[in-house]
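The values are calculated or read from the model by the stated rules, or taken from the named source; none is laboratory data. Computed from a prediction, not measured in an experiment: that's the story for all the values here. Here the Cβ positions follow ideal geometry from the backbone for every residue, glycine too, while neighbour counts run over all protein chains shown. All accessible areas refer to the heavy atoms of the entire protein, side chains included, with ligands and DNA or RNA removed. Shrake-Rupley method; radii C 1.70, N 1.55, O 1.52, S 1.80 Å.
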Amino acid sequence: NLVSSTLAFAFYLAVNLPAIGHARALRTLLWSGILSILVASTAFALGYKSGSGALGLPASSSAVFSAHLLVVFCVALAHALVSREWRYALLAMLVAVAILGAFTRITIAAVFVAAAAMLFIRLRGLAKVIAPLFAMLLLLVLFFSVDLFKERMFTHRAASVSFGLMMEKPEFVLDSVAGSGRFSAWSFALEQLFLPSPLLGSGLGAAQALFY
């Protein structure tokens, strides 16, 4: 669901790639991110807030908005690392800030993980190790030291969670992560759909029938 609109857009670009060319397809994808940020920022300035007061597109969710921007971020950063053009690096930073504004944990974490992976692949020497580790360190600092994101991650247990506690009692910290009911649903689905038939699965539509 999160990437459905992006996949549809990518499919359109792929189908029309012979006509529009790689360069134009790249620009179209990047401009889609820029325009999305402009529309979301304008809507936010006019009083529209998606989810928990987050940045997002009207008639959509901040999760879908940030998922599309995540793709744009990866493309912009990859192009910046390959071409070494600062405009793509600046665009990647702008998109990353917008993803933080969307306030969706999974895409925020994905930004740092994707950046770490691409830096590890592209860089050479000591930077190949230091840059990815720094990116992952920033992720930990964000969710353990910045109150706004810490409360988003751990909700009512935020005050009792710290990085030091993560090192001492990792199981307590992991249990403190707010899942909005997702973890219970995933556990139930695992027991009902996967464990009875781990090799063949439960068939198409099984999850739909189970939950709806």
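Restricting to region 75-134, name every residue that is of a type in the set (S, T, N, Q) and part of a helix (DSSP H, G or I).
From region 75-134, those of a type in the set (S, T, N, Q) are 83, 104, 107; that's our starting set.
Hits for region 75-134 are S83, T107.
Against the condition within 28 Å of F154 (Cβ to Cβ) and free of Cβ contacts under 8 Å to residues at least 60 places away in the same chain, how does L199 come out, does it pass?
Against the criterion (within 28 Å of F154 (Cβ to Cβ) and free of Cβ contacts under 8 Å to residues at least 60 places away in the same chain), L199 does not qualify.
Taking V82 as the residue in question, decide whether it is at pLDDT below 95 and touching a Gly at 6+ places or on another chain (Cβ under 9 Å).
Details: at pLDDT below 95: yes; touching a Gly at 6+ places or on another chain (Cβ under 9 Å): no.
No, not satisfied.
For region 79-94, name all the residues that are touching a residue at least 40 places away in the same chain (Cβ under 8 Å) and either acidic (D, E) or open to solvent by 40 Å² or more (accessible area, probe 1.4 Å) (or both).
H79, V82, L94
Report yes if some residue within region 99-107 is open to solvent by 60 Å² or more (accessible area, probe 1.4 Å) and free of Cβ contacts under 8 Å to residues at least 40 places away in the same chain; otherwise report no. Can you show your working first?
Here is the first cut: in region 99-107, the ones open to solvent by 60 Å² or more (accessible area, probe 1.4 Å) are 106.
Within this subset, residues satisfying the condition of being free of Cβ contacts under 8 Å to residues at least 40 places away in the same chain are none.
The answer is no, given that none of the residues of region 99-107 is open to solvent by 60 Å² or more (accessible area, probe 1.4 Å) and free of Cβ contacts under 8 Å to residues at least 40 places away in the same chain.
With the structure loaded, tell me whether L17 is over 26 Å from F183 (Cβ atoms), surrounded by 16 or more Cβ atoms within 10 Å (Cβ to Cβ) and without any contact (Cβ under 8 Å) to a residue 60 or more places away in the chain or whether it fails that test.
Details: over 26 Å from F183 (Cβ atoms): yes; surrounded by 16 or more Cβ atoms within 10 Å (Cβ to Cβ): no; without any contact (Cβ under 8 Å) to a residue 60 or more places away in the chain: yes.
So L17 does not fit the description; no.
(1) closer than 16 Å to F103 by Cα; (2) of a type outside the set (K, R); (3) at pLDDT 80 or above: which one isn't true of F211, the others all being true?
So F211 meets the others, but not (1).
I'd like the residue in region 66-78 that is out of contact with any Leu (no Cβ under 6 Å at 6 or more places or on another chain) and in contact (Cβ under 8 Å) with a residue 60 or more places away in the chain and, out of all such residues, is surrounded by the most Cβ atoms within 10 Å (Cβ to Cβ).
That would be H68.
How many residues, within region 169-188, are among the hydroxyl-bearing types (S, T, Y) and open to solvent by 80 Å² or more (accessible area, probe 1.4 Å)?
So in region 169-188, the residues among the hydroxyl-bearing types (S, T, Y) come out as 176, 180, 184, 187.
Imposing the further condition that a residue be open to solvent by 80 Å² or more (accessible area, probe 1.4 Å) reduces the set to 180, 184.
Final tally of qualifying residues: 2.
Could you run through region 189-212 and say how many residues are in contact with a helix residue (DSSP H, G or I) (Cβ under 8 Å, 6 or more places away or on another chain) and loosely packed, with under 13 Cβ neighbours inside 10 Å? Talk me through it step by step, then tell me what you get.
Step one: of region 189-212, the residues in contact with a helix residue (DSSP H, G or I) (Cβ under 8 Å, 6 or more places away or on another chain) are 189, 192-193, 201-202, 206-207, 210-211.
From the residues that got through so far, the ones that are loosely packed, with under 13 Cβ neighbours inside 10 Å too are 201, 211.
Result for region 189-212: 2.
Give just the number: which of (1) at pLDDT 75 or above; (2) open to solvent by 100 Å² or more (accessible area, probe 1.4 Å); (3) more than 19 Å from the chain's Cα centre (by Cα); (4) over 30 Å from F120 (Cα atoms) does H156 not satisfy?
Going through the list (1) at pLDDT 75 or above; (2) open to solvent by 100 Å² or more (accessible area, probe 1.4 Å); (3) more than 19 Å from the chain's Cα centre (by Cα); (4) over 30 Å from F120 (Cα atoms), H156 breaks only (1).
Can you work out which of the residues in region 51-65 that are of a type in the set (G, A, S) and out of contact with any Gly (no Cβ under 8 Å at 6 or more places or on another chain) is most open to solvent (accessible area, probe 1.4 Å)? Spell out how you get there, then give the answer.
Step one: filter region 51-65 for residues of a type in the set (G, A, S), giving 51-54, 56, 59-63.
In the following step, the residues that additionally are out of contact with any Gly (no Cβ under 8 Å at 6 or more places or on another chain) were identified as 51-53, 56, 59-60.
Numbers: G51: 71, S52: 80, G53: 39, G56: 1, A59: 112, S60: 44 Å².
Among them, the one singled out is A59.
If we scan region 18-25, do we find a residue that is in contact with a Pro (Cβ under 9 Å, 6 or more places away or on another chain), among the small types (G, A, S) and assigned to a helix (DSSP H, G or I)?
Initially, region 18-25 is screened for residues in contact with a Pro (Cβ under 9 Å, 6 or more places away or on another chain), giving none.
The answer is no; no qualifying residue exists.
Let's see how each residue does on (1) under 30 Å from L55 (Cα atoms); (2) touching a residue at least 24 places away in the same chain (Cβ under 8 Å):
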{"site": "R122", "(1), (2)": "no, yes"}
{"site": "P132", "(1), (2)": "yes, no"}
{"site": "V141", "(1), (2)": "yes, no"}
{"site": "K150", "(1), (2)": "yes, no"}
{"site": "A158", "(1), (2)": "yes, no"}
{"site": "K169", "(1), (2)": "no, no"}
{"site": "V173", "(1), (2)": "yes, no"}
{"site": "S176", "(1), (2)": "yes, no"}
{"site": "A209", "(1), (2)": "no, no"}
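Taking the stated definitions as given, is L193 in a helix (DSSP H, G or I) and among the aliphatic types (A, V, I, L, M)? Show your work before the answer.
Details: in a helix (DSSP H, G or I): yes; among the aliphatic types (A, V, I, L, M): yes.
The answer is yes for L193.
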